[in-house]
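Undergrad: One structure, pasted below without further comment.
The values are calculated or read from the model by the stated rules, or taken from the named source; none is laboratory data. If you're wondering where the values come from, they're calculated on a predicted model, not measured in any experiment. When we count neighbours, we look across all protein chains shown, and the Cβ atoms used for this are built from the backbone with ideal geometry, even at glycine. Areas reflect the complete protein model, heavy atoms only, side chains present, ligands, DNA and RNA absent. Shrake-Rupley method; radii C 1.70, N 1.55, O 1.52, S 1.80 Å.
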Amino acid sequence: LESLLTTLLAGVTSMLLAKRVPLLIIDMVDPNEAEFVPLMHPDWRVFGYLAALVLVASVVSSFAPMRAAWKLDLLTALRGREAGATGRSRTTSGLIIAQVAMSFVLLAAAVLFASLPRLVTKMDPGIETKQVMIVGLNVDTSESNHARAANIYGALEARIRAIPNVQSIAYATLPPFRQAPPSEVRLPGQMKGQGRPAAVDVVTKEFFPTFGIRLVDGRVFGSSDGNAKAADPVAVVSQAFARQFWPAVNPLGKVVVTPDERRLTIVGVVADTQAERFGVTDGPRLYTLRDPASLAGALYVRFKGNSKTAENAVRNAVRAIDPTQMDMPQTIWETLEETAQALRTLARIIVVMAGIAVLLAITGVYGVLSF
């Protein structure tokens, strides 16, 4: 009953804290996000969890004094002798060690998580981030609207190329810092299911100079290459792709088969990038040439000079072609900064919660030792 009274008081307090503490933490860490916290309402699962915790805590916390009571010599205790006092058991010492250890493990994990924002902004992804912007477009490219969409893209490209300090534009189907879906790539003679997974990025000829991806061997796409439906289409692969498919052989001139049964001849090998997961080298990548008639992929613009000036100029060019476009062009670096800022907020929350856990552990240990 004594344990139940204590845990009931703790449970009721926890219910109140579950409703108020998130607002206090967010208000302290990131006031801009505080408006979203009222949407976090504790539901029956939270209360059910707390009720179960109260019951379990009541039962478990009763075992130690019950066990000590069975070992107590009542006659000696009633006479006021020392045998009435019980020393701290090994179980108590083990629980203290476990509680402190787990709390500090949580705090250490929180500190490591807090270093993630720095990793995002300080890493070298192997692609240009500060001088390349992504132009978000919302254009209907369905078959019924294909001709109109092609005209919009053509006019937009012409306007963007005419902007001072714009160096190149390119299209790519795999956006940076998103997990690329794997596709099965096979060697000639292999049946479906016998190939290996690789990320297939459909790009335009200016992709590699736009993103600044380093050429290792051979060449990248050039004006002499035909489109994706040419009689002898070519492809470029990453170093990871070359190592996986031809570990001890020069990949130049080799042929691969894509999931849509196209046979591509390898003409170049480029450096690996870290453009999927932060701080992790990408897996095998196959770069194929986009059909000029296709409208697939996102639009990227490489520029020199001030980023804000270039972004405003590109935005004006987009709205001059289609006033309904609302997305603001931004550099890849700015998208990384937004990700890092979101991680910073989350990291601060985790550090605060870990600090509370350590404080509770220290308070509990102090109480046990004092008792």
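Undergrad: Based on alpha-carbon centroids, what's the gap between the stretch 122-170 and the stretch 268-334 in Å, whole number please?
TA: What the calculation gives is 7 Å, centre to centre.
Undergrad: Hey, another quick one. Scan (1) 61, 44, 38; (2) 57, 44, 36; (3) 104, 52, 39 for the value of Cα extents along the principal axes in Å calculated from this model and give just the label.
TA: Step by step, Cα extents along the principal axes in Å for this structure corresponds to label (3).
Undergrad: I would also like to ask the following. Let me spell out the model: positive unit charges on the Cβ of Lys and Arg, negative unit charges on the Cβ of Asp and Glu, origin at the Cα centre of the chain. What dipole size does that give, in debye rounded to 20?
TA: 820 debye
Undergrad: What size of dipole, in debye to the nearest 20, comes out for the stretch 207-289 about its Cα centre when the only charges are +1 on Lys and Arg C-beta atoms and -1 on Asp and Glu C-beta atoms?
TA: Values: 9 positive and 8 negative charges, 15 e Å.
So the magnitude is around 60 debye.
Undergrad: Give me the accessible area per residue for the stretch 123-281, probe 1.4 Å, as a whole number in Å².
TA: So the stretch 123-281 comes to 50 Å² accessible per residue, rounded to a whole number.
Undergrad: Taking the simple approach of a point 7 Å from Cα along Cα-to-Cβ for both Val56 and Ser223, what is their distance in nm?
TA: The modelled label-to-label distance comes out at 7.1 nm.
Undergrad: Let me ask another. For the chain, with the dipole built from +1 on Lys and Arg beta-carbon atoms and -1 on Asp and Glu ones, taken about the Cα centre, which of Thr141, Ser370, Phe245 lies farthest toward the positive end?
TA: Going by the charge dipole, the pick is Ser370.
Undergrad: Per DSSP H run of at least 4 residues, take -39500 (n - 2.57); add these up for the chain, divide by its residues and hand me the 222 nm value, nearest 500 deg cm²/dmol.
TA: After summing the helix terms and dividing by residue count, I get -16000 deg cm²/dmol.
Undergrad: Can you figure out the FRET efficiency of Val12 with Ala298, using R₀ = 56 Å and their beta-carbon distance, to the nearest 0.05? Write out the running numbers ahead of the final one.
TA: Working: r = 53 Å, r/R0 = 0.94.
The formula returns an efficiency of 0.60 here.
Undergrad: With a 1.4 Å probe and every protein chain kept in, tell me what percent of the accessible surface of the stretch 250-291 is carbon plus sulfur.
TA: For the stretch 250-291, the apolar C and S fraction of the accessible surface comes to 49 percent.
Undergrad: Any chance you could give the angle, 0 to 90 degrees and rounded to 10, that helix 44-71 forms with the longest Cα principal axis of the chain?
TA: It works out to around 40 degrees.
Undergrad: Can you compute log10 of I(q)/I(0) for the stretch 85-219 with the Debye formula, treating each Cα as one identical point scatterer, at q = 0.10, 0.14 Å⁻¹?
TA: -0.65, -0.96
Undergrad: Rg(Cα) of the stretch 124-173 divided by 2.2 N^0.38 Å? Write down the numbers at each step before the final one.
TA: Numbers: Rg = 13.5 Å, N = 50, 2.2 N^0.38 = 9.7 Å.
Expressed relative to 2.2 N^0.38 Å, the Cα Rg reads 1.39.
Undergrad: Same structure, new question: So how strong a dipole does the stretch 252-371 carry about its Cα centre when Lys and Arg Cβ are +1 and Asp and Glu Cβ are -1, to the nearest 20 debye?
TA: 220 debye
Undergrad: With a Cα-only, solvent-free Debye model of the stretch 212-371, what are the log10 I(q)/I(0) values at q = 0.09, 0.19 Å⁻¹?
TA: These q points yield log10 I(q)/I(0) values of -0.55, -1.23.
Undergrad: Scan around Ser168 for amide H atoms under 5 Å from its own, H built in the peptide plane at 1.01 Å from N, and keep only partners 5 or more places away or cross-chain.
TA: It is Arg302, by chain and number.
Undergrad: With N set to the number of residues, divide the alpha-carbon radius of gyration of the stretch 192-298 by 2.2 N^0.38 Å and report two decimals.
TA: In units of the globular-protein estimate, the stretch 192-298 measures up at 1.02.
Undergrad: A further question on this structure: Given a 1.4 Å probe and every protein chain left where it sits, what share in percent of the accessible area of the stretch 88-210 is carbon and sulfur?
TA: 57 percent
Undergrad: Here's a follow-up. Thr273's amide H: which non-local residues (gap 5+, or another chain) put their own amide H closer than 5 Å, with H modeled 1.01 Å from N in plane and none for Pro or chain starts?
TA: Amide H to amide H, under 5 Å and 5 or more residues apart or across chains, Thr273 pairs with Asp282.
Undergrad: Of Lys122/Lys304; Lys122/Lys308; Lys254/Lys304, which ones are farther than 28 Å apart at the Cα?
TA: Lys254/Lys304
Undergrad: At 1.4 Å probe size, what's the solvent-accessible area of Asp27? Round to the nearest 10 Å².
TA: Here the accessible area works out near 80 Å².
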